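Okay, structure first, notes after.
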Amino acid sequence: MSIQGTQYSSQDLFIKDSEVEQRNNIIKSILLYKVDLTLQKGTDYYGTVEIHLDLHNNNQNSDHPIQIDFGGLKVEFVKIRNLNEYGAEFRNITFSFERNRVMIDYQEFVQDLKESNNKISILISFQNQYNTTVQDRGIFSTITGENQYLHTQGEVASMHYIFPCIEQINFRAPFQLSLVHPSDWVVISNSCIIEQQSLNKVTSFSKFETTQPFPCYLYGIFAGNYVVYRDKYKEKIDLNIYCRKEKAKIIENQISELFCITKFGLNLMEEYTQIDYYMKKLDQIFCDNYNFYGMENPGCISLEGRFKFEIYFLFYSQIIKEKRYIFEEEREPLKIMRRSYIMFHEIAHMWFGDFVSLEWWNNLFLKEGFATFFGYKAVSKYYSQFDYGIHIELQKVLILIDENKDKSIFFQCLKLLLRVFKNCIKVITLSHEKLPYYEYSCYKAHNCISYNKGGMFFQFLEQKVYGEQKFQELIRQFLTENSFSKVDETSFLKHFNDIYSQKYLFKNHLSYFDDYQFKDLINLGLVEENYKSLDLSFIVVSKITKNIITAKYEDLSKYPSTDNIILLNTSENHLIFNRIKQEDLKFLDENNIIEKFNLQQRMTIWNTILFENIQFQKLEYFNDFFLQNFQYENNMVVLHYILRVYPLFSKQFTDKQEDKIINLYQEEKDLQKKRIILKNLIRYINSEKNTFNLLQIYEGQERKVKPKYLNKLKLKIKKIYEVSIQKISNLENKQ
């Protein structure tokens with residue numbers, strides 16, 4: 001019997017929380033996924049999946065069906081057999097398939113269950129098609145000329161669009177994959193190929209080694225006309241980098257650097273955790289039309305080769321293609337750092353996210369926060385001579401996007417431009433009460449709280465609460481104790497049971513320093529003694545001598561505000577913001593104090609004026625100050641970042657301020673700094689005069705101006721044109 005699926009809306013189709021709970025009551029564990037797929041060129045594939053289940057032994061009289069999730073086209077048959085009896089054969093059973101659910105009456109299993117051993121196997125035959133749209137569903141297919149490329153991405157709950165499975169992160173199971181595929185295709189998965197043979201002139205068979213137990217969203221399947229570059233890590237781990245044939249010549253001169261980054265990340269994680277990398281290989285696959293920066297499939301990390309998305313402006317839409325991590329031209333330090341960071345981030349997940357996974361998505365910060373923390377730690381060490389790792393401190397303001405959404409201009413823009421964010425209203429804490437499962441599938445928890453705040457929270461614990469050595473010991477204990485298993489907030493607090501973890505995990509926070517006092521804007525609940533114990537440092541600028549010194553909290557009484565400007569150093573691995581009075585900012589500006597500041601002090605200023613803009617009041621003067629002083633920023637990663645972020649939060653620039661930034665660009669002598677300013681000019685220009693000035697600047701460039709900047713310019717000119725046409729229409733109506 002074969003049953004074809006029926007179309008419903010995405011939310012109507014998605015797994016209900018009651019179904020998750022019901023399934024947890026029936027299924028004790030998943031013992032194995034055995035997946036056999038026949039991948040064909042074109043649009044279709046088919047296969048079987050055998051799911052070995054260990055059921056709870058108290059459900060013999062259950063009237064609840066067993067639900068298998070599948071968002072594919074068709075189910076041919078469902079069979080079951082008893083795993084308790086050696087040589088037991090599969091037998092056909094009745095089932096239903098609709099609303100992305102294969103439903104099997106529990107009574108179908110009763111005759112196979114034993115009181116002390118309730119292990120069964122379900123065999124499902126199915127048909128499906130590749131996905132050709134940029135979504136997180138199914139096996140993605142991209143065709144370029146005669147070449148075809150397939151890739152998968154399972155997070156949060158997308159594996160059931162590929163093959164029938166139980167789509168829950170709290171079940172870990174080994175994955176055994178076999179593929180029949182075109183002979184000219186390379187096939188890649190989490191583990192190594194242990195058997196490969198030619199079936200005929202055009203078709204081959206490949207069988208992969210059974211993996212360790214992982215949540216099914218981490219299973220990876222890649223196939224197509226990829227080219228591969230090979231290396232070794234410590235002479236025992238195979239390193240492979242895959243990209244499309246069309247990109248082979250471009251990536252060749254970057255391969256050595258990519259392997260260096262990979263080895264550095266693996267070695268650092270092994271040293272940090274004292275846990276050896278546990279797979280026989282690590283593949284990295286650059287995927288086209290990829291919806292994410294990267295995905296931590298154990299043994300086969302997927303990375304963004306080219307990202308295609310559509311932006312919306314009123315009734316106008318524009319396709320944007322952004323080449324991310326296969327560099328086709330010389331890139332700025334921020335982009336170079338960012339590529340390395342993403343690779344380090346995904347490598348960190350091999351330990352935290354894969355080796356140790358989550359009980360449920362309400363503690364997403366555990367894996368994403370740790371990977372963010374480690375990603376920047378690795379960047380700091382890899383680029384130690386450039387201070388690139390300090391970039392994490394600039395992420396602090398992004399926490400405000402999700403801590404204080406109603407005031408965040410940036411978030412309002414995201415809601416307008418990116419459909420995925422349009423209903424993302426609820427503010428979550430690091431560890432929070434479970435949201436509806438559907439909301440996690442829409443990435444409601446994949447935000448600045450889980451990533452940015454999570455990363456800074458780990459850094460805060462390391463640097464301010466425990467110290468590097470003690471924190472490292474606790475992380476090692478935590479990972480070792482929970483190897484190849486799942487964790488939640490209780491598991492975490494067993495090792496990190498301090499006052500700060502108790503507060504930051506379960507409460508939103510906005511604490512800041514102002515007028516010699518620490519204040520909670522949102523009730524974090526820390527008291528003055530808690531802040532004192534963090535060994536914070538302060539920047540003291542004398543209004544008399546204009547000298548700059550560093551002081552501790554207990555010494556601040558020596559520096560009265562009448563004669564000094566006191567700023568909390570917000571670039572010291574903590575989660576506290578800083579306020580500044582406008583008159584103090586003017587003093588710093590008029591006396592060229594920012595020129596004398598070191599990198600941490602400049603970072604404090606950038607974070608402080610961004611905090612003022614976002615949380616309190618946007619002032620035109622902040623723009624003037626920014627334009628006067630960003631020229632003193634000589635760290636190119638920091639410069640690029642603040643130029644990108646500042647206009648998202650600031651008051652709109654006046655015509656005079658727009659003139660100023662264009663003049664700064666034209667007068668800049670440093671070629672790298674000039675290029676960074678040019679890349680960001682489009683973010684600051686809104687007036688008609690300067691929009692066309694910017695067009696002239698673009699026309700005068702020897703290097704090709706990227707399509708994404710030209711598309712943004714088109715939007716601005718289109719808006720000016722529409723306003724002008726409307727003015728003409730208004731004049732006509734007056735006649």
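Tell me yes or no: at least one residue of region 11-32 is touching a residue at least 60 places away in the same chain (Cβ under 8 Å), loosely packed, with under 14 Cβ neighbours inside 10 Å and in contact with a helix residue (DSSP H, G or I) (Cβ under 6 Å, 6 or more places away or on another chain).
Scanning region 11-32, I find at least one residue that is touching a residue at least 60 places away in the same chain (Cβ under 8 Å), loosely packed, with under 14 Cβ neighbours inside 10 Å and in contact with a helix residue (DSSP H, G or I) (Cβ under 6 Å, 6 or more places away or on another chain), so the answer is yes.
Return the only residue of Asp54, Asp36, Asp63 being of a type in the set (Asp, Glu), in the same structural domain as Thr144 (by TED's automatic domain parsing) and touching a Lys or Arg at 6+ places or on another chain (Cβ under 7 Å). Can you show your working first?
Values: Asp36 fails: touching a Lys or Arg at 6+ places or on another chain (Cβ under 7 Å); Asp63 fails: touching a Lys or Arg at 6+ places or on another chain (Cβ under 7 Å).
Just a single option satisfies the conditions, and that option is Asp54.
In the list Gln176, Gln148, Gln153, which residue meets the criterion of being in the same structural domain as Lys41 (by TED's automatic domain parsing), closer than 19 Å to Tyr242 by Cα and more than 24 Å from the chain's Cα centre (by Cα)?
Values: Gln176 fails: closer than 19 Å to Tyr242 by Cα; Gln153 fails: more than 24 Å from the chain's Cα centre (by Cα).
None of the others qualify; the one that does is Gln148.
Cβ-Cβ under 7 Å, sequence separation 6+ or interchain: first residue in region 718-734 and in contact (Cβ under 8 Å) with a residue 40 or more places away in the chain, partner outside any helix (DSSP H, G or I). Which pairs?
Sorted first by the residue in region 718-734, then by its partner, the pairs are Lys718/Tyr316.
Does region 708-717 contain any residue that is among the β-branched types (Val, Ile, Thr) and at pLDDT 95 or above? Let's see the steps before the verdict.
At the first step, the residues of region 708-717 found to be among the β-branched types (Val, Ile, Thr) are 717.
Okay, now just the ones that are also at pLDDT 95 or above, so none.
No, every residue in region 708-717 fails to be among the β-branched types (Val, Ile, Thr) and at pLDDT 95 or above.
Among the residues of region 54-73, which ones are surrounded by 18 or more Cβ atoms within 10 Å (Cβ to Cβ) and farther than 15 Å from Val35 by Cβ? Lay out the reasoning, then the answer.
Our first condition is that a residue be surrounded by 18 or more Cβ atoms within 10 Å (Cβ to Cβ); within region 54-73, this holds for 55, 59, 62, 65-72.
Within region 54-73, Leu55, Asn59, Ser62, Pro65, Ile66, Gln67, Gly71 qualify.
Would you confirm whether any residue within region 570-580 is without any contact (Cβ under 8 Å) to a residue 60 or more places away in the chain and not aliphatic (A, V, I, L, M)?
No, region 570-580 has no match at all.
With respect to Tyr8, is the statement that it is at negative phi, at pLDDT below 95 and among the aromatic types (Phe, Trp, Tyr) true?
On the way: at negative phi: yes; at pLDDT below 95: yes; among the aromatic types (Phe, Trp, Tyr): yes.
Against the criterion (at negative phi, at pLDDT below 95 and among the aromatic types (Phe, Trp, Tyr)), Tyr8 qualifies.
Given the criteria buried (at least 22 other Cβ atoms within 10 Å of the Cβ) and at pLDDT 95 or above, does Phe175 qualify?
Spelling it out, Phe175 is indeed buried (at least 22 other Cβ atoms within 10 Å of the Cβ) and at pLDDT 95 or above.
Among the strands (runs of 3 or more DSSP E) confined wholly to region 38-86, which include 2 or more residues that are out of contact with any Leu (no Cβ under 8 Å at 6 or more places or on another chain) and not small (Gly, Ala, Ser)?
Per the criteria, 66-69, 74-82.
Among all residue pairs at least 6 apart or on different chains, which show Cβ distances below 7 Å where the first residue, located in region 546-562, is within 20 Å of Gln582 (Cα to Cα) and the second is not in a loop (DSSP other than H, G, I, E, B)?
That search, which allows pairs on different chains as well, returns Ile548/Ile539; Ile548/Val541; Ile548/Lys596; Tyr559/Val540; Tyr559/Ala551; Tyr559/Ile566.
Restricting attention to region 607-629, does a residue exist that is within 27 Å of Glu330 (Cα to Cα), modelled with pLDDT under 95 and surrounded by fewer than 19 Cβ atoms within 10 Å (Cβ to Cβ)?
Within region 607-629, none of the residues are within 27 Å of Glu330 (Cα to Cα), modelled with pLDDT under 95 and surrounded by fewer than 19 Cβ atoms within 10 Å (Cβ to Cβ).
If Gly525 passes every condition in (1) surrounded by fewer than 20 Cβ atoms within 10 Å (Cβ to Cβ); (2) assigned to a helix (DSSP H, G or I); (3) under 31 Å from the mean Cα position of the chain (by Cα); (4) not β-branched (Val, Ile, Thr) but one, which one does it miss?
If we test Gly525 against (1) surrounded by fewer than 20 Cβ atoms within 10 Å (Cβ to Cβ); (2) assigned to a helix (DSSP H, G or I); (3) under 31 Å from the mean Cα position of the chain (by Cα); (4) not β-branched (Val, Ile, Thr), just (2) comes out false.
Which residue is farthest from Ser158 (Cα to Cα), if the candidates are limited to region 203-217 and must be in a strand (DSSP E or B) and under 20 Å from the mean Cα position of the chain (by Cα)? Break it down into steps so the answer makes sense when it comes.
Taking region 203-217 and keeping what is in a strand (DSSP E or B), we get 203-208, 214-215.
Still in the list and also under 20 Å from the mean Cα position of the chain (by Cα): 214-215.
On the way: Phe214: 15, Pro215: 12 Å.
My answer is Phe214.
Of all residues in region 89-111, which are touching a residue at least 12 places away in the same chain (Cβ under 8 Å), farther than 15 Å from Ile27 by Cα, in a loop (DSSP other than H, G, I, E, B) and not β-branched (Val, Ile, Thr)?
Selection gives Phe90, Phe95, Arg99, Asn100.
Could you grab me the full set of residues in region 537-592 that are among the aromatic types (Phe, Trp, Tyr), more than 26 Å from Ile399 (Cα to Cα) and not in a helix (DSSP H, G or I)?
Tyr559
Residue by residue through region 448-472, note down the ones that are crowded, with 24+ Cβ neighbours inside 10 Å and either assigned to a loop (DSSP other than H, G, I, E, B) or of a type in the set (Val, Ile, Thr) (or both).
Correct list: Ile449 only.
Are any residues in region 181-202 among the small types (Gly, Ala, Ser), part of a loop (DSSP other than H, G, I, E, B) and under 26 Å from Trp351 (Cβ atoms), and if so, which ones? I'd like the intermediate steps shown before the answer.
Residues of region 181-202 among the small types (Gly, Ala, Ser): 183, 189, 191, 198.
Filter once more, keeping what is part of a loop (DSSP other than H, G, I, E, B): 183, 191.
Scanning region 181-202 gives a single hit, Ser191.
List every residue pair whose Cβ atoms sit under 6 Å apart, with the two residues 6 or more apart in sequence or on different chains, where the first one lies in region 643-671 and is outside the structural domain of Phe611 (by TED's automatic domain parsing) and the second, anywhere, is part of a helix (DSSP H, G or I).
Every condition considered, no pair remains.
Can you tell me which residues in region 345-397 are surrounded by 22 or more Cβ atoms within 10 Å (Cβ to Cβ) and of a type in the set (A, V, I, L, M)?
Answer for region 345-397, where residues must be surrounded by 22 or more Cβ atoms within 10 Å (Cβ to Cβ) and of a type in the set (A, V, I, L, M): Ile347, Ala348, Met350, Val356, Leu364, Leu366, Ala371, Ala378, Val379, Ile392, Val397.
Hey, any hits in region 224-241 for a residue that's assigned to a loop (DSSP other than H, G, I, E, B) and in contact with a Pro (Cβ under 6 Å, 6 or more places away or on another chain)?
no
Name the single residue that is surrounded by the most Cβ atoms within 10 Å (Cβ to Cβ) among those in region 258-295 being of a type in the set (Val, Ile, Thr) and in contact with a strand residue (DSSP E or B) (Cβ under 7 Å, 6 or more places away or on another chain).
So in region 258-295, the residues of a type in the set (Val, Ile, Thr) come out as 261-262, 273, 275, 285.
Those left that are additionally in contact with a strand residue (DSSP E or B) (Cβ under 7 Å, 6 or more places away or on another chain): 262, 285.
Details: Thr262: 22, Ile285: 26.
Within region 258-295, the match that is surrounded by the most Cβ atoms within 10 Å (Cβ to Cβ) is Ile285.
Suppose we filter Lys674, Lys727, Lys719 for residues that are assigned to a helix (DSSP H, G or I), over 33 Å from the mean Cα position of the chain (by Cα) and of a type in the set (Lys, Arg); which single one remains?
On the way: Lys674 fails: over 33 Å from the mean Cα position of the chain (by Cα); Lys719 fails: over 33 Å from the mean Cα position of the chain (by Cα).
Testing whether each residue is assigned to a helix (DSSP H, G or I), over 33 Å from the mean Cα position of the chain (by Cα) and of a type in the set (Lys, Arg) leaves just Lys727.
Could you check how many residues of region 178-208 are free of Cβ contacts under 8 Å to residues at least 24 places away in the same chain and either buried (at least 21 other Cβ atoms within 10 Å of the Cβ) or not small (Gly, Ala, Ser) (or both)?
The qualifying residues number 10.
Is it fair to say Phe109 is buried (at least 22 other Cβ atoms within 10 Å of the Cβ), at pLDDT below 95 and assigned by TED's automatic domain parsing to the domain that holds Val75? So that I can check it myself, show each step before the final result.
Values: buried (at least 22 other Cβ atoms within 10 Å of the Cβ): yes; at pLDDT below 95: yes; assigned by TED's automatic domain parsing to the domain that holds Val75: yes.
When the stated conditions are applied, Phe109 passes them.
Within region 115-131, can you find the residues that are within 28 Å of the chain's Cα centre (by Cα) and touching a residue at least 40 places away in the same chain (Cβ under 8 Å)? Full working, then the answer.
Of region 115-131, the ones within 28 Å of the chain's Cα centre (by Cα) are 129-131.
Answer for region 115-131, where residues must be within 28 Å of the chain's Cα centre (by Cα) and touching a residue at least 40 places away in the same chain (Cβ under 8 Å): Gln129, Tyr130.
The values are calculated or read from the model by the stated rules, or taken from the named source; none is laboratory data. Treat the numbers as computed from the prediction; the structure is a model and nothing was measured. A quick note on method: Cβ atoms are made from the backbone with ideal geometry, for glycine too, and the neighbour counts reach across all protein chains shown.
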